[in-house]
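Working notes, structure below.
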Amino acid sequence: MKVITITSTLATILLVTACATPQASWRKTDINAEDTHTALADCKYQVQLNKIPSAEQDSVISNCMESKGFRWQR
């Protein structure tokens, strides 16, 4: 019975801390979430427009966002 209680408590603690961990995202000083979303959408549009192969898309999007001054952060 004690093992079940300890396991349940531990599982609850892990779930709560996992939800409290900030998610990684693109960030730039003095830029709000809406402008960040617009910049990311533009980078994704450019990838599609230029027909970048799937294997390279994440890298190209990352380079595009960094060229606009954004950094991937927690």
Only one of these conditions is not met by Thr21: (1) surrounded by 10 or more Cβ atoms within 10 Å (Cβ to Cβ); (2) at pLDDT below 95; (3) of a type outside the set (A, V, I, L, M). Which number is it? (1)
Residue pairs meeting the criteria (Cβ under 9 Å; at least 6 apart or on separate chains; first closer than 11 Å to Leu40 by Cβ and open to solvent by less than 90 Å² (accessible area, probe 1.4 Å), in segment 54-74; second among the small types (Gly, Ala, Ser) and assigned to a helix (DSSP H, G or I)): Cys64/Ala39; Met65/Ala39; Lys68/Ala39; Phe70/Ala39
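Can we say Ser8 is of a type outside the set (Phe, Trp, Tyr), in a helix (DSSP H, G or I) and at pLDDT below 95? Can you show your working first?
On the way: of a type outside the set (Phe, Trp, Tyr): yes; in a helix (DSSP H, G or I): yes; at pLDDT below 95: yes.
Yes; evaluated as a whole, the condition is true for this residue.
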Any residue at all in segment 24-35 that is under 14 Å from the mean Cα position of the chain (by Cα) and at pLDDT below 95? yes
Filtered residues of segment 23-49 (kept if closer than 11 Å to Gln73 by Cβ and of a type in the set (D, E, K, R)): Arg27, Lys28
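The values are calculated or read from the model by the stated rules, or taken from the named source; none is laboratory data. Keep in mind that this is a model prediction, so the values were computed, not measured. With ideal geometry, Cβ positions are generated from the backbone for all residues, glycine too; neighbour counts draw on all protein chains shown. For accessibility, only protein heavy atoms count, side chains too; no ligands or nucleic acids. Shrake-Rupley method; radii C 1.70, N 1.55, O 1.52, S 1.80 Å.
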